[in-house]
Every structure is written in structure tokens, then in C-alpha cells.
1. Regarding the stretch A:210-345, what is the average projected area of its C-alpha convex hull, in nm²?
2. Tell me, what is the percent relative contact order of chain A, built from C-alpha pairs under 8 Å that lie six or more residues apart?
3. From the C-alpha coordinates alone, can you work out the Kirkwood hydrodynamic radius of the stretch A:96-156, in Å?
4. Specify, per residue and in Å³, the volume enclosed by the convex hull of the alpha carbon atoms belonging to the stretch A:276-426.
5. Starting from a Cα-only point model with no solvent, please compute log10 I(q)/I(0) by Debye for the stretch B:65-212 at q = 0.09 1/Å.
6. Could you work out the equivalent-ellipsoid semi-axes for the stretch A:182-247, taking the square root of 5 times each eigenvalue of the Cα gyration tensor, largest first, in whole Å?
7. Averaged over every viewing direction, what's the projected area of the C-alpha convex hull for chain A? Give it in nm², one decimal, please.
8. Kirkwood Rh, Cα Rg: Rg to Rh for the stretch B:38-138?
Amino acid sequence: MKVAKLRALLLAPTLALSALLLAAAPPPPTPDKAKSKPAEPQPEAKPVPKVNPKIFDEALQDYFDGKQRQAAGKLFAYVEATAQTEENYAWAQYFLAKSLIELGLRHAGGVYLTKIARERSNPTVLPRALEELRYLTEVPHDETMIDEQVFGALDLGFLPEETAGFAHYHQGLWDLQVGSERWALIHFAKLKEGTAEASRAKFAVLVTRLKERKEASKEMVEDFLALAEDEKLSQETRNESRLAVARLRYEKRDYEGALEAYEKVQLPPLDPGRATLYLEEAWARYQLGQIHAAMGLLTTLDAPVFHNEFLPDKYLLRAMIYKDLCHYLPAKRAAKELTRRFAESLEAIREREDLTKDIRLRRAASAQGATKRAAKFLESLTLEGERVGRYAGNFGERLYAHLTKLYDLSHAEAQRIYEQRLNESVRAEADKLLRSAEQVRLMEYEVGLKLYERVKRGAKLVVPEDDAEITSAQVAYTFEGEYWNDELRDYRVRLKSRCIEEAAR
Amino acid sequence: MRKLPVVLLLVFPAIASAQVPELENPGTIQAVQERQYRLNHELGFGVGVLPLDAFYKGLLAQLSYTTHFSDQLAWRVVRGAYSYNVNTGLRTQLVRDFNVNPTAFEQVQWMVGSDVVWSPFYGKTAFLNRSVSHFEIFFVGGGSVLNLQNSSGGPGVFRPAVNFGLGARLFSSKHLSYRLDLADNVVISKDKGVFNVPSIQLSAAINFGVTE
């Protein structure tokens, strides 16, 4: 039972990891997507005022003088009043997008860059627009609009090498997401060896294979190990590779190897790290019998920085350690802590209430994968929408009205996508909680039996194992409830066993 | 004897209540870390002042070499300081208005010495919750020889002294640290008895051969 639980524990983050990687993956289009927006009576559109073509030069002058607000208004007026076939039309769109991005309206800027990519009216502007869109993919963005409709559908024949590589990578990711590894590999094969995209593609393929296969092969571990040392990948992706190695080794019961991989995860100075990393390391140490170190990691997870983390297993592992050391009352209390802490969520599950209304489950579901990205995009849209009002005076009535409408529509769509993803992921979190609650009940029962077990005559206390001495190269700070980020991986708990063994007669 | 039951009644609940936290939260927790900064051979360059004498103020420049036996114990093998002295207004007034003999004012010209350094405190501190700095606090004790001269010039006299003090070191990197020393040389002189020459110094210490 324990092993099955652990497998589930390790598989869940792996699946989450794969979801993270497939950043370009939007949810499958729903047939009722269009229906969800009720048709509203359109107000009669005001006629577009004619503009002097010189306004384009004035706008460019404003832009290069650092007056993006003024430039945006003029460029919008020019774009509105000019035919697509005009030579400067695409340039006006490009500089309008740049102005909006520099004013903090990234989504609106992205919309104009996307228009350039779709319309392709000026081949000299297109590579620049795609380059800007590449930067936008590094922050919360509209995945459907940029990843799927631009990079996922781009004709790759005419693009500069770097942009084509990025588009190939995204199209490969999309193929992976829909389950066509063969097509994905065709795209990935076109990536130049030694580029960051090539390394990221290898990682994506490995994660997808890991998700699909039950057993992890030795080659897969080695491939992940190679990626963990690949300097072209970001530190975060290298850490993900190390975590994947650790999880695979754990699955194969190579706990020493798993621990070695966990220890190689590099965090920036004073970065608290990720709660799941500590919990997984604690399980590995527990399996190795290093229960004091495992208990130290559980202490880490009590730090305020992890207060909102959804880690039901933490209470279970703590109860198991106390039980192993025959501290039955603390074991019982640690087990009960789970049901006490998550009482409202468990009640909501039992009563079949709307789980998205439960604050803990909602927070846990929004903390990872596609739901996290959707939540961040929604948040950024809210902020940008508020920002539009600040520029109302400079933008002029028409641009202001246009942006307000754009942000309202985008926000509604982002909200819909977020709710859809939240509904899916909140159920997964609820399952996780239920499994842990089940284990805890079993633990409480086992502890109850032990608690009232009779001590036989001649029994004596087990000789406690010696705690590792502190060497001269080490320094020890007694923990008094104050958490320091630089100490989070270094807590050591001294806990004597209270187990009694029966004397040989 | 009649008091015994009362005493027992008072003592046992106290013992029992002391056991409750241990039962509820058993164990002790320590953060055990590798010592980030360890010293081996230390070369110090310092500047400071001799602030006490009312008739002059000494501006010190000091060089020192220290060898560290362990993280707690070190021997400052040698330190040598030269003092550039600046007369105070009081001394000028005494000489000018009251014709006091300038030879009456003895000034420290230089001093050399050696000390044992004991560093029992090693810790860290958070700066605005943004960075962590490590420091140590140490005590010094040793001996010095001071060269004292009259302000009018002439040959100096040597005086032995007992040196003691305390200081703090702020680590900047494995090779560089900054230290603040507060020390007092208790000078033993036949004609003037015992007098103090305190000093305040700020120095940069370069560490060679870091113990990993």
C-alpha cells in the first residue's frame, strides 16, 4: 500500500512537469466555444476619421523620442484609416505594438504582432514581429493566440533560421501534445543541434515518453542526466531534469541515487526552493532509514514560505516517523493534523460541493501546470486592463475604446479557460487529499493498536542510535522557530527512539 | 516528616507538566551547516586611532600576520603599527600660554607585539531580509613593546605592555574579511607607573590557503 502511494506521489509531479513543459499546449477547442459568448447588440460604429499620412512620420518621431503614449494614439489612427496594402501599414502595426508593450500593455501589443504574422503584408516586418512574439512567450501570454495560432501554424519556409527553429519547436510540442511523436520528431529533427530549442525539444520528448510508459528505462535516466548538465537549458529546466532522474531512481528503489539527484538540484542564493522537492527528498531519506534527516526536511516544510502548499503527505510521513520511533501520541496527533487542517476541504468533497469554491483545493490546483499559467495570464490581463484607464487621456477616445473592448473580451475568454482548467485540476487535488486521508485513518488505527499494546516482562528500551557528531568544519544553530532561507536544507532533528525490545530469555 | 506529603504533592505535578511538551513535541532541532568561512593564514592591513591621550591623537597604520590553528584559536604572530601623531589644542595652549616643557609629553611612535586570538562566536545576520552576512567576535590577549618619544624629538624609550582587547570580523568572501579591533595596551613604566594606550582599528584581512 505504501509503495503504491509513493508511486502515485512521484507520478503526479511528473505529470505536472510534462504539463508545464508543453507550454504551448492549449486546451482542445470546445465546440460550444463560440456559443458561450452571447450575441450582443452592436452599437452603430462611428465612421473612421481620415488622417494625414504624415501622422505616421510624426508617430515614429514620438516613438523614438520616448513618447510612446502619443505615438500609440497616432499609430492607431493611421492603422484604422489606412488600407492594408499601404507600404507603411505593417510598420505602423509593428510600432503600435512596440509602443503598447513598452507601456505595459503586453497583450494588446501581442494582438497587433499577431495580426502582422497572420496578414503577412510586409515581409520585412514579419521577422521582427515574430521575434517580439518570442519574447512575449516568456511571460504570461495568450497561448491560443500566440503559441497555437502563430507559431503552431506558421509557414516555416521563409523564416530566418532562429525564428524558424523556435516555430519548429512549438509545432513539435503541439504534435507531442496531441500524441503524434513521429510528427513531433520531424519538426525537432530540423532544429539545429546545440541550440537551446534542440535541448528543450529533447526534454519535452523524454517527459512525454515518461508520461506514456509505465516503466522507466535506464537509457531514459541517462538521457535526463545528460540534459541536467546541458548548459543551454535554463537552470529551471536542468533542475526539472534532475528531479526527473531522482523520481525515476526512486521508482526503481534506488534511493541513494535518488538522493544524489535531489542534492544536485541547484537553487539561487536564499531561494526557498520548492516544497515538493523537500517532500520527495524526505521520502527518499525515510526509505533509506535516515529518519532524523527526513524529519528535518518535514521541519522545513513547516516554514511560513510553504504555509499555503498543499502537501497532505507531509502529515502522513511525520506520523510514520513518529510511529517508527514509538512516539505514539505525537504520531496520532500528526495523523490527526491532516484531517483537522483539511477538514473543510474533506467536508466539501463528501458533500459533493463545487470544489472550485474550496479555497485550499482552488489554491493547490492553481499552483501548477496549465491552470497556473491560465491564472497568471488572467492576473496579467486584469492588471493591464486597469492600466489602460491610466492612459485614457493620451490615447484618445478611439484607441481607448478599442483597448477597453479588447481587454474585456480577452479577460472573459481567459476567465473561461481558467475556470475550465481549474475544474479539471481541482478534481486531481481532491483525489490526492482523499488518498492521504485514507492512509491517515489507517495510520491512526495502527497507532491505536500500538498505544495499548502490553509491555512484556523483561522488555527494555532499544539502545538509541548515535546522532552524527558535529564536526569542526560545521556550525550548528539551535532552531527556535525562526526559519532562515539558507538553512532550509540543513535541519537535523534529534529524536530518541522509545521503542521497547523484549529481552532474550 | 509531616511536610513530606505536601512537598511531594507540590513537586510531582511540576515534573509531570515538564514532561508534557516532551511528549507532545519530542526531539530537538538544529540547523547544521558547513562553516562557510574558514581562515588559515591571514594578512591584515589596518588603520586606526590612539584616542585617549589629551595632548595628542595618534593616527595608526598597522600590518599584521596571523596563523589560525582552528576555527576558534589563532596566533597573531606579529603586528607592527606606526603612529602619526597630531597635537591637540590643549597641548598647544599649554606650551604657548603656560610655557610647559615640550619634553613632558611622551607620544607613541610605533609598537610591535604578538597575541593569541580566541573566537568563540561565529554567526550570521540578515541584511534587510535580502542577504546573509557572516561574522565572528573574538578576544585577543598578548604583549607589546612600545616606542615612546618626546614630542620635541630625541631618542625614544622602549616600554613593555600587556595587550588585550576584543574585535569583530565581517566576512566578505573566502579570501577577504573586515575586522574592527578595540584594544588596550597597559604600559608598564618605572617612572610613570602603569598607563593605558587604547586603540581603535579597522582593517582588511586577506586570507590565504582557505581550509575547505
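Computed from the coordinates by the stated procedures, all read-outs in this text should not be read as laboratory data. In this text the structure is predicted, and so the values were computed from the model without any measurement. No Cβ is skipped: glycine too gets one built from the backbone with ideal geometry, and neighbour counts run over all protein chains shown.
1. Details: hull surface 38.6 nm².
For the stretch A:210-345, the mean projected area of the Cα convex hull comes to 9.7 nm².
2. Values: 565 pairs, mean separation 69.4, N = 505.
Across chain A, relative contact order equals 14 percent.
3. On the way: mean 1/r = 0.0883 Å⁻¹.
Roughly 11.3 Å, rounded to one decimal.
4. Working: hull volume 20.2 nm³, N = 151.
Once divided by residue count, the hull of the stretch A:276-426 is 133 Å³.
5. Reported log10 I(q)/I(0), two decimals: -0.39.
6. On the way: eigenvalues 68, 52, 14 Å².
Sorted largest first and rounded, they come to 18, 16, 9 Å.
7. Details: hull surface 123.9 nm².
The number I arrive at for chain A is 31.0 nm².
8. Details: Rg = 19.6 Å, Rh = 16.7 Å.
Computed over Cα atoms, the ratio is 1.17.
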